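See structure below.
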Amino acid sequence: MGETKGTFAQAVERIMSHYDTKRWWPHESRFEIMVGAILVQRTRWENVERAIEAMRSRGVLTPSAISALDILELEQMVRPTGFFRQKSRRIQRLAHHIHLYHKGDVTCFLERPPQELASDLERMDGIGPETRDAILLYAAGHPVMIVDTYAIRLCGRLGLLDPVTPLTIKNHLMQHLSTTPQTCRRAHAAIVEHGKERCCAVPRCSGCPLLDMCEHGATI
DNA sequence: ACCCAGGTGGCCC
DNA sequence: GGGCCACATGGG
């Protein structure tokens, strides 16, 4: 009967020290991060890289350039990430917004009080809670814990938090881990990297750093 | 021929 | 407020 040990935050701390998160979310500009945040929805990062590269090679990784682009051309660049009609439209709307309301100046768009930026993002089509938080953290540099499906899955399996919802997870992590952008990034990266290992699908997964925290001591 | 991947929005009850 | 569903490509 394995009693559970520790808190969910402690589990996250442990995987944070176990995974290398140095090369997490590579980028050449803040606008590229915003585009990537939309493109990565329900998709692997490798597919996002192809799309970004297609856009980079055509020199359209700016709000004004995307704004002026034919939607069919944008669709072709974004195609490898799936949902390409939705995503191309949503990216172009974001670009339109920055082009129109901030003269195409990404810094101007991002460098505002976090609450103001957040509510702006929430109004946009295709930007839900996770994409909003990814932009707040990675593009704007605000300390926000990002809750993705990996976080929810892990939290549910550990059984250390009740109830398990995106909001309870976010609040728990922000209360129990240091709220610096760096910590938020490392936590998010580590949770995803751990999730991709699919420890949960392998009984007695030998490499899992959380083996002893599992309710039944078997799988996570 | 399945299943899954760093979500979101629309509809239904 | 929760439970489905469509959206679409790429890789195992």
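Bear in mind these aren't lab numbers, they're just calculated from the coordinates by the rules spelled out. These figures come from a predicted structure and were not determined experimentally. Quick reminder, even Gly has a Cβ in these numbers, built from the backbone with ideal geometry, and neighbours come from all protein chains shown.
Within segment A:138-149, the set of residues being out of contact with any Lys or Arg (no Cβ under 6 Å at 6 or more places or on another chain) and either aromatic (Phe, Trp, Tyr) or more than 16 Å from DNA strand C (Cβ to nearest atom) (or both) comprises A:Tyr138, A:Ala140, A:Gly141, A:His142, A:Pro143, A:Val144, A:Ile146.
When each of A:Ile91, A:Ile135, A:Ile66, A:Ile152 is tested for being within 19 Å of A:Ser29 (Cα to Cα), part of a helix (DSSP H, G or I) and within 16 Å of DNA strand C (Cβ to nearest atom), the lone residue that passes is A:Ile91. Residues in segment A:22-31: is at least one within 16 Å of DNA strand C (Cβ to nearest atom) and under 23 Å from A:Asp125 (Cβ atoms)? No; the residues of segment A:22-31 include none that is within 16 Å of DNA strand C (Cβ to nearest atom) and under 23 Å from A:Asp125 (Cβ atoms).
In summary, A:Met124 fulfils each of the numbered conditions (1) assigned to a helix (DSSP H, G or I); (2) farther than 21 Å from A:Glu193 by Cα; (3) not acidic (Asp, Glu) with the single exception of condition (1). Screening the candidates A:Val35, A:Val12 for the property of being within 16 Å of DNA strand B (Cβ to nearest atom), under 19 Å from A:Tyr150 (Cα atoms) and among the β-branched types (Val, Ile, Thr) yields one hit, A:Val12. Any chance segment A:60-76 includes a residue that's charged (D, E, K, R) and closer than 30 Å to A:Glu197 by Cα? Scanning segment A:60-76, I find no residue that is charged (D, E, K, R) and closer than 30 Å to A:Glu197 by Cα, so the answer is no.
Taking the listed residues A:Leu161, A:Leu173, A:Leu177, the one that is more than 13 Å from DNA strand B (Cβ to nearest atom), farther than 20 Å from A:Val40 by Cβ, in contact (Cβ under 8 Å) with a residue 24 or more places away in the chain and in contact with a Phe, Trp or Tyr (Cβ under 6 Å, 6 or more places away or on another chain) is A:Leu161, with no other qualifying.
Looking at A:Ala54, A:Ala68, just one residue is surrounded by 15 or more Cβ atoms within 10 Å (Cβ to Cβ) and away from DNA strand B (no atom under 15 Å from the Cβ), and that residue is A:Ala54.
If you filter segment A:41-51 down to residues that are hydrophobic (A, V, I, L, M, F, W, C) and closer than 22 Å to A:Pro129 by Cβ, you find that the one that is nearest to DNA strand B (Cβ to nearest atom) is A:Trp45. In the set (1) under 20 Å from A:Gly141 (Cβ atoms); (2) of a type outside the set (Asp, Glu); (3) surrounded by 14 or more Cβ atoms within 10 Å (Cβ to Cβ); (4) within 16 Å of DNA strand B (Cβ to nearest atom), the condition left unmet by A:Phe83 is number (1). If you go through segment A:59-91 and keep only what is within 17 Å of A:Gly104 (Cβ to Cβ) and without any contact (Cβ under 8 Å) to a residue 40 or more places away in the chain, you end up with A:Gly59, A:Val60, A:Leu61, A:Ala65, A:Ile66, A:Ser67, A:Ala68, A:Leu69, A:Leu74.
Of the listed requirements (1) part of a helix (DSSP H, G or I); (2) buried (at least 16 other Cβ atoms within 10 Å of the Cβ); (3) under 18 Å from the mean Cα position of the chain (by Cα), A:His142 misses just one: (1).
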